[in-house]
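What follows is calculated from the coordinates using simple rules that are stated; it is not laboratory data. Quick caveat: nothing in here was measured; it's all calculated off a predicted structure.
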Amino acid sequence: MTDVEDSVTGVAATGADWRSWQESWDRQQEWYMPDREERFRVMLDMVEAFAGPEPRVLDLACGTGSITDRLLQRFPKATSTGVDLDPALLAIARGTFDGDDRVTLVTADLKDPGWTARLPHDRYDAVLTGSARKTHMRAEAEFAQDGSHDYDGVRRVR
C-alpha cells in the first residue's frame with residue numbers, strides 16, 4: 001500500500017490498497033467486455049511483433065492503467081505513458097504505479113488540440129487504447145477539416 005496525492009484533485013489517499021482497486025475495476029470491466037483479456041493479449045502480440053520486447057507505449061484513455069499493467073507484466077523493460085482525463089481513474093493508476101519509473105501518467109483531454117504537448121516523449125513505438133479510439137478519430141477528423149491545426153498525435157509514432 002502507498003500514500004498518494006492525486007495531483008489533479010489534491011486528495012491524499014492514505015493507506016489505499018491500489019492493487020485491490022485495480023483488480024476490482026478489471027472485474028467490473030469484464031462484465032462489459034468478456035473477451036477483454038484476449039484483446040489485451042492480441043494488442044501486446046502486435047506490439048512485440050512490431051516493436052520488440054522493450055517498447056515505449058502511449059496508452060490513450062488509460063483509465064486505471066489496465067493495459068499498462070499487462071504491458072509491464074509481459075515486457076518488464078517496456079515504458080508506458082498513460083493519458084486520461086478522469087481524476088478518479090487516474091488516482092487508481094497513480095496509486096498502482098507509484099514509484100515505478102517505467103510509467104508516466106498525464107492528465108489531458110484528447111479533444112484538446114494541444115494534448116500532445118503534455119507528453120514526455122516525441123516518439124512512441126505503439127499507441128494502445130481500450131476505449132479512446134472514437135474520441136481519437138473524432139479529434140483527428142476535426143483537425144483535418146479545420147486545416148489550421150496539424151494533428152500530430154499519430155504522426156509522432158514511428
- prompt: Once phi is turned into ³J(HN,Hα) by the Karplus curve 6.51 cos²θ - 1.76 cosθ + 1.60 with θ = phi - 60°, what whole-Hz value does each residue of segment 106-116 show in order, with x for glycine and proline?
  reply: 10, 8, 7, 9, 5, 7, 7, x, x, 4, 5
task: Note down the relative contact order for segment 53-125 as a percent, whole number, built from C-alpha pairs under 8 angstrom at least six residues apart.
output: 33 percent
- request: Taking amide H positions as placed in the peptide plane 1.01 Å from N, state which residues far from Asp59 in sequence (5 or more) or on other chains have amide H under 5 Å from it.
  value: Thr81, Gly82, Val83, Leu128
